[in-house]
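In what follows, a single structure is set out as structure tokens and then discussed.
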Amino acid sequence: MCGIFGYIGDKEKEVALMANRALCELEYRGYDSWGIAAEVSGKMFAIKAIGKISLASDKELKGVMGKMSIGHSRWATHGGVTEANAHPHFNTSRTIAVIHNGIVENHEEIRSFLRGKLGNSVDKLFLSETDTEVIPHLIDYYITHEGKTFEAAFVEAGRMLEGRYAVVVMKLGEPYLLAMRDGSPLVVGKGEHEYFLASDVPAFIDHTRQVLYPGDREYMKVSADAIMLRNLDTGKKVDREWITVTWDKGSATKEGYPHFMLKEIMEQPLSLDKAIHQEDAKLEEFARLMKESEHLFFIGCGTAAKMAKLGELYAARVAGKLTNAYVGSEFAAYGQFLNKRSTIVAVSQSGETADVLEGLRVAEKEGARILALLNVVGSSIDRMSKKSLFLNAGPEIAVASTKAATAQIAVLILIAHALAKKLPEGKHLMRSAVKDIKAWLIPDLSRDIKKIAEKLLNNPSSALLRGPTNSSPYQNTPPSLVFPRRAPETSSAISLQQYPLRDIYIIGRGLNAPVAQEAAIKIQEVSYIHAEGFPGGELKHGPIALIEKGTPVIALIPNDETKRDMESNTMELRSRGAYVIGIAPDNSKLFDEWIQVPNLGLASPIASIIPIQLLAYHLAVLRGNDPDKPRNLAKSVTVK
Ligand code: M6R
């Protein structure tokens with residue numbers, strides 16, 4: 001969470017505007033407030049504001065000329081959304097400016113340390129409620145009271161920090177920036193007599209494609225012409241390779257779409273195509289490492305946790321291999337079962353999710369092997385893993401995971417086939433699935449789903465509330481398909497006001513059970529409508545009590561072994577007045593709305609989730625929400 005940016009060059013440039021543009025590219029990481037600092041003619045220029053940086057006017061930033069600047073786009077953790085809490089944070093004389101992504105877990109102890117050294121009046125120096133503000137005061141303390149150089153004070157302070165962080169610091173009069181990271185992302189870009197520091201590459205891809213990923217507990221001294229990397233604890237020099245980024249700027253821009261989310265949904269034929277272009281040798285090696293182990297686990301969070309569950313199902317179904325999928329934040333409890341013969345496969349778009357990293361640390365401690373399925377090369381999880389496979393989906397900017405999720409499904413299918421030594425079959429299946437998706441995922445599909453979203457929101461009694469019905473859905477149904485065996489209530493028309501759209505439920509079975517849960521995440525996070533997904537079979541164990549006349553329920557009914565049971569679950573719902581949206585290759589009398597999807601066999605979860613991504617998107621936009629930056633969320637969740 002939070003986007004950070006730093007720049008240093010040998011010529012005067014409009015450094016505040018540059019920081020602004022960079023932060024707009026990082027806004028997906030946090031967008032409740034922002035701030036920029038720059039050295040301008042030996043003085044500290046600083047600006048902070050609440051709200052999205054992309055909405056800031058250039059007026060106050062234009063003409064701010066300098067050779068270095070730092071900037072921050074915030075996702076609040078410690079302290080509310082206020083100007084005072086926005087970064088950068090300063091020492092009292094405002095000569096040192098600090099931006100930070102992550103959490104300083106021991107900030108209270110550092111405050112006590114400063115109190116012990118400087119007296120209780122120290123508390124008055126703090127102007128914000130943030131954990132970050134201890135950093136400039138601590139550096140200042142080491143310079144002013146212990147006579148250390150800026151670099152030595154920075155290192156001393158860095159060694160005291162506990163938690164996860166990426167920090168960039170500038171000091172008036174010093175011709176270099178200092179930065180360090182432990183657990184939170186930070187990437188360096190190298191230009192001609194200039195360097196960039198940022199949470200993610202899109203911040204500077206307009207300037208350079210040469211990037212370097214510093215490791216955990218490494219710090220950097222960066223001037224216009226040189227960069228020095230050292231280990232924070234030992235002070236030893238570290239050599240790291242420069243990598244050339246190959247993806248286009250185009251993949252990090254909206255390309256004419258109103259939102260990244262829609263763009264990323266619509267480009268799935270392409271991202272899936274890229275995802276399945278995996279080298280056979282790499283897939284086979286990955287599968288070999290998995291097979292070698294006695295205990296196999298998948299872990300992930302949010303959408304990636306649902307995909308991890310699919311990984312478990314595919315491994316079972318295709319390769320007859322027992323694995324267990326867990327949510328990253330709950331994985332520590334299983335540490336007791338891990339040893340050298342265990343393998344953990346981390347599933348993550350960003351490769352930076354704190355809860356997954358936490359689970360992996362537990363695994364690492366027990367000597368387990370770590371493998372990863374990621375979208376971001378060089379990310380923290382990538383660096384922890386013995387072998388990573390990449391989704392090749394290009395940068396995913398919208399907070400809601402769409403193209404990365406389907407790419408995860410595609411690669412998990414290939415991995416399962418590699419595990420079963422049936423890779424050619426898996427590749428054939430996926431190539432044909434991608435072809436079908438290309439023909440189906442066209443603007444017309446989005447338009448049709450928008451109409452359904454409008455209907456749900458307008459909640460016309462004609463659509464959502466069935467009038468008195470003469471034909472019972474039980475009439476032509478064998479009793480065994482019906483639960484419970486009694487005739488449905490006949491409903492009378494109910495007024496709109498009685499049933500505003502409150503909830504949406506999604507059901508699926510087998511491979512589509514985790515998809516139903518993923519569908520709920522999509523709807524919740526961007527439309528802010530309460531949604532829940534569960535296995536169809538679970539309905540009668542509780543959730544069916546929630547169904548009223550007009551309650552929208554989405555039924556995922558692929559042409560597989562779950563079809564018959566899903567139809568009977570749908571019947572159960574319909575007979576209680578649910579408004580059924582069927583996502584299926586074939587139409588059915590059970591559906592009030594039918595979204596036709598291609599018949600993709602094992603890849604049916606991809607066909608099931610895409611219409612719901614579109615439905616969530618349209619519900620969000622129709623309700624006036626920003627689907628790219630939903631409230632309270634951030635793209636990379638780098639805090640526990
Ligand atoms: O980067 P990751 O895949 O590790 O992120 C995990 C979750 O935070 C993420 O999938 C989140 O649930 C999405 N916003 C859902 O769309």
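Structural remarks
- Condition met for Ser575 (in contact with a strand residue (DSSP E or B) (Cβ under 9 Å, 6 or more places away or on another chain) and more than 14 Å from the ligand (Cβ to nearest atom)): no
- Leu556 vs. criteria more than 27 Å from Ala304 (Cβ to Cβ), crowded, with 21+ Cβ neighbours inside 10 Å and either touching a residue at least 40 places away in the same chain (Cβ under 8 Å) or not charged (D, E, K, R) (or both): no
- Only one of Val40, Val15 that is over 29 Å from the mean Cα position of the chain (by Cα), crowded, with 24+ Cβ neighbours inside 10 Å and at pLDDT 95 or above: Val15
- Candidate set from the stretch 559-585 (those that are of a type in the set (S, T, N, Q) and under 16 Å from Arg509 (Cα atoms)); member that is surrounded by the fewest Cβ atoms within 10 Å (Cβ to Cβ): Asn559
- Residue check, Lys221 of a type in the set (D, E, K, R), touching a residue at least 24 places away in the same chain (Cβ under 8 Å) and in a strand (DSSP E or B): yes
- Residue satisfying condition, being of a type in the set (D, E, K, R), assigned by TED's automatic domain parsing to the domain that holds Leu17 and in a strand (DSSP E or B), within set Arg115, Arg111, Arg164, Arg159: Arg164
- Options Ala49, Ala19; residue that is in a strand (DSSP E or B) and either in contact with a Lys or Arg (Cβ under 9 Å, 6 or more places away or on another chain) or in the same structural domain as Ala86 (by TED's automatic domain parsing) (or both): Ala49
- Any hit, the stretch 605-612, residues being free of Cβ contacts under 8 Å to residues at least 60 places away in the same chain and either more than 14 Å from the ligand (Cβ to nearest atom) or in contact with a Ser or Thr (Cβ under 7 Å, 6 or more places away or on another chain) (or both): no
- Set Lys403, Lys422: member being away from the ligand (no atom under 16 Å from the Cβ) and at pLDDT 95 or above: Lys422
- In summary, Asp233 fulfils each of the numbered conditions (1) within 16 Å of the ligand (Cβ to nearest atom); (2) among the acidic types (Asp, Glu); (3) part of a loop (DSSP other than H, G, I, E, B) with the single exception of condition (1).
- Filtered residues of the stretch 529-540 (kept if among the charged types (D, E, K, R) and either free of Cβ contacts under 8 Å to residues at least 40 places away in the same chain or in a loop (DSSP other than H, G, I, E, B) (or both)): Glu532, Glu538
- The listed residue being surrounded by 19 or more Cβ atoms within 10 Å (Cβ to Cβ) and not aromatic (Phe, Trp, Tyr), out of Glu194, Glu162: Glu194
- Ser271 meets each of the listed conditions (1) outside any helix (DSSP H, G or I); (2) of a type in the set (Ser, Thr, Tyr); (3) within 16 Å of the ligand (Cβ to nearest atom) apart from (1).
- Test for Ala22: is it more than 30 Å from the chain's Cα centre (by Cα), closer than 21 Å to Leu55 by Cβ and buried (at least 24 other Cβ atoms within 10 Å of the Cβ): no
- Test: residue in the stretch 425-448 that is surrounded by 17 or more Cβ atoms within 10 Å (Cβ to Cβ) and within 11 Å of the ligand (Cβ to nearest atom): no
- Positions within the stretch 297-346 being within 14 Å of the ligand (Cβ to nearest atom) and in a loop (DSSP other than H, G, I, E, B), in sequence order: Cys301, Gly302
- Scanning the stretch 104-116 for residues that are surrounded by fewer than 24 Cβ atoms within 10 Å (Cβ to Cβ) and aliphatic (A, V, I, L, M) yields Ile110, Leu114.
- Every residue from the stretch 526-538 that is buried (at least 19 other Cβ atoms within 10 Å of the Cβ), within 20 Å of Asn512 (Cα to Cα) and out of contact with any Phe, Trp or Tyr (no Cβ under 8 Å at 6 or more places or on another chain): Pro535, Gly536
- For the stretch 347-372, a residue qualifies if it is at positive phi and either away from the ligand (no atom under 11 Å from the Cβ) or among the β-branched types (Val, Ile, Thr) (or both), and exactly one does: Gly367.
- Selection status of Ser588, among the hydroxyl-bearing types (Ser, Thr, Tyr), more than 20 Å from the chain's Cα centre (by Cα), farther than 21 Å from Ile521 by Cα and surrounded by fewer than 20 Cβ atoms within 10 Å (Cβ to Cβ): yes
- Filtered by the rule that a residue be β-branched (Val, Ile, Thr) and either at pLDDT below 95 or assigned to a helix (DSSP H, G or I) (or both), the stretch 505-528 gives Val515, Ile521, Ile523, Val526.
- Matching residues in the stretch 541-598 - criterion: being of a type in the set (D, E, K, R) and assigned to a helix (DSSP H, G or I): Lys563, Arg564, Asp565, Glu567, Glu572, Arg574
The values are calculated or read from the model by the stated rules, or taken from the named source; none is laboratory data. Predicted model, so just to flag it, every value in this text is computed and none were measured. Cβ atoms come from the backbone with ideal geometry, glycine included; neighbour counts cover every protein chain shown.
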